[in-house]
Amino acid sequence: MKRALAALVFFVALLALWQILASARIWSPVLLPAPARVGEYLAGAVADGSLPQAIVVTLRRLFLGYLLGVALGLPLGLVTARSKLCEDTLGILALGLQTLPSVCWVPLALIWFGQTESAMLFVVVMGTLWSVAIATDNGVRTVPPIYARAAQTMGAGRFTVWFRVILPASLPFILSGVKQGWAFAWRSLMAAEIYVTILTGFGLGHLLHYGRELSAMDQVIAIMIVITFIGVTVDKLLFFPWERFLHRRWGTSK
Amino acid sequence: MSERDARPVESAAMKLSVERVSKAFRNDRGQVVALEDVSLQVAEGEFVCLVGPSGCGKSTLLNLIAGLERPDAGRVLADGHAITSPGRDRMVMFQESALFPWLDVLDNVLFGLSLKPGLSNADRREVARAYLKLVGLERFTLANVHELSGGMKQRVALARCLAPNPRVLLMDEPFAALDAMTREQLYGDIQTIWQARKKTILFVTHNVREAVCLGDRVLLFSASPGRIREEFSIELPRPRDINSVDVARYATEITRALRAHLQPQAAS
């Protein structure tokens, strides 16, 4: 309760600061609209349905690409951690591609897939996959070998060692990997939506893009707030319960 | 294969038999001979302690019997059969508890049991609870591993090893990281359990007193290359108290022998 109150006070103060800066007219309202203006835009966009629709379109793309990226990245990380050959080939590829900013995939995706949903999906998957793979690889490597040895002496075969020892033992790393993957998926999708205009669905990135085209700063700021809000909400709903479980089990926080 | 068939029968009656085993490891500085021509017989139900300085190959010998490593030369037999892989009949207790932090105490004990066929899940839980009771931790079944003290962790590890009812217990300095009080308690526990369940126990330690307190026999190891130098039979009634005069007398004798074997190396 106390923590919720602290958070509330902080964000109210932030809002107040914004209001003060806007009222002081240091910058033109075109550059820094008042909070009320942004609120008005949000109310209007919700009322005419454009914002909820954009959120649905964006989240659908995001989850599809993200899940695909995790589904590919996890096994990739497992094999690069365990096979020297895979480490020296796929592992290096993953490391290299992870450092490639996801927006760099956009030109390639456009040429390969055109202005389609597939292009969007491709960019998100590429943005997610490599960081998940590298976090998984990292997690598996840090599992103390004694766990596997102990399991072997208890009669565990290869399959059991993998699925009941190495995988759960690397859970803390895998979780931070999929969390990072989520952040990367967001970044990739926004980059894709800002750069790729397609007719099959208008996402948050598009609203942001058209806000800039129209120099509608209220729209730009409003959409940025929405994106941030969704990011925090998903983190709290999707990852926080897992983190709490892991912290309790491993004893890594009070 | 024919060589094995030609082995004398009495070898098969033995629980464990290590025959002229050598094992070397390669590290950055070259080759390290961990074991050289080591032979050892352990009878069924016997409690044998291996004592020696660190790095003398005691743990390597244990790992060979556990099936976690393979010998370069020689043979390791359990009931006359060559050991080629780890198996449920030979459980290992490590210096660190090696408990799984992602499972609670009960699930840790259940892990080994769950791999044992022919039991219902209800049976398994019952067995796991019984062993946790045996080591005095029945009130901690739902605790997380990190909430336990070092001594409690080793008790859980002991319960985990005992629950699938192995015939051999291989203990690699299991009490080395514990405080003296906890250790003394566990000496009592392990003797009681060993007497009640009649397991064959091979116990590695660098603590001579501990070895005398627990073992029917104490084998003295020397390092580089690892060899068995001397053997002592401990003829004391059980349960033994680590602080007793008799244990101290044996310990003095063995420590003197250990020092004698170490000296030539210290001089070189």
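The values are calculated or read from the model by the stated rules, or taken from the named source; none is laboratory data. In this text, all values refer to a predicted model and were calculated from it rather than measured experimentally. Neighbour counts are summed over all protein chains in view; Cβ atoms, including those assigned to glycine, are modelled from backbone coordinates with ideal geometry.
For the reader, a short list of remarks on this structure follows.
- Qualifying residue in the range B:176-187 (condition: within 13 Å of the chain's Cα centre (by Cα), on the phi < 0 side of the Ramachandran plot, buried (at least 21 other Cβ atoms within 10 Å of the Cβ) and of a type outside the set (V, I, T)): no
- Flag if A:L85 is among the aliphatic types (A, V, I, L, M) and in contact (Cβ under 8 Å) with a residue 12 or more places away in the chain: no
Yes/no per residue for (1) within 14 Å of another protein chain (Cβ to nearest Cβ); (2) under 30 Å from A:E193 (Cα atoms); (3) crowded, with 23+ Cβ neighbours inside 10 Å:
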residue	(1), (2), (3)
A:G114	no, yes, no
A:A119	no, yes, no
A:F122	no, yes, no
A:V125	no, yes, yes
A:V132	no, yes, yes
A:N138	no, no, no
A:R141	no, no, no
A:R149	yes, no, no
A:T153	yes, no, yes
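- Those residues of the range A:208-254 which are within 14 Å of another protein chain (Cβ to nearest Cβ) and of a type in the set (S, T, Y), in sequence order: A:T252, A:S253
- Candidate set: the range B:107-124, residues that are facing chain A (nearest Cβ under 9 Å) and either crowded, with 20+ Cβ neighbours inside 10 Å or modelled with pLDDT of 95 or more (or both); chosen: the one nearest to A:R164 (Cα to Cα): B:F111
- Yes/no for A:P172 being over 21 Å from the mean Cα position of the chain (by Cα) and either among the aromatic types (F, W, Y) or within 14 Å of chain B (Cβ to nearest Cβ) (or both): no
- One residue stands out among those in the range A:215-254 that are more than 16 Å from the chain's Cα centre (by Cα) and either within 16 Å of A:P52 (Cα to Cα) or among the β-branched types (V, I, T) (or both): the one that is surrounded by the fewest Cβ atoms within 10 Å (Cβ to Cβ), which is A:T252.
- Breaking point among (1) buried (at least 20 other Cβ atoms within 10 Å of the Cβ); (2) under 16 Å from A:Y66 (Cα atoms); (3) more than 14 Å from chain B (Cβ to nearest Cβ), for A:G205: (2)
- Some residue of the range A:49-56 being surrounded by fewer than 18 Cβ atoms within 10 Å (Cβ to Cβ) and at positive phi: yes
- From the list A:L8, A:L97, A:L15, the lone residue that is free of Cβ contacts under 8 Å to residues at least 24 places away in the same chain, touching a helix residue (DSSP H, G or I) at 6+ places or on another chain (Cβ under 7 Å) and either surrounded by 13 or more Cβ atoms within 10 Å (Cβ to Cβ) or assigned to a helix (DSSP H, G or I) (or both) is A:L15.
- Answer residue from the range B:125-146, given it is out of contact with any strand residue (DSSP E or B) (no Cβ under 7 Å at 6 or more places or on another chain) and within 10 Å of another protein chain (Cβ to nearest Cβ) and is surrounded by the fewest Cβ atoms within 10 Å (Cβ to Cβ) among those: B:H146
- Output for the range B:28-56, where each listed residue is outside any loop (DSSP other than H, G, I, E, B), in contact (Cβ under 8 Å) with a residue 60 or more places away in the chain and over 13 Å from B:D72 (Cα atoms): B:S39, B:L40, B:V42, B:F47, B:V48, B:C49, B:L50, B:V51
- When B:P166, B:P174 are screened for being touching an Asp or Glu at 6+ places or on another chain (Cβ under 9 Å), under 26 Å from B:L35 (Cβ atoms) and assigned to a loop (DSSP other than H, G, I, E, B), only B:P166 passes.
- Any chance B:T255 is in contact with a Gly (Cβ under 8 Å, 6 or more places away or on another chain), among the hydroxyl-bearing types (S, T, Y) and at pLDDT 90 or above: no
- Residue within the range B:147-162 that is surrounded by fewer than 22 Cβ atoms within 10 Å (Cβ to Cβ) and either of a type in the set (D, E) or at pLDDT 95 or above (or both) present: yes
- Inside the range B:68-106, residues that are in contact (Cβ under 8 Å) with a residue 60 or more places away in the chain, more than 14 Å from every other protein chain (Cβ to nearest Cβ) and either of a type in the set (D, E) or closer than 30 Å to A:R249 by Cα (or both) make up a count of 1.
- Subset of the range B:111-128 [farther than 22 Å from A:R149 by Cβ and among the hydroxyl-bearing types (S, T, Y)]: B:S120
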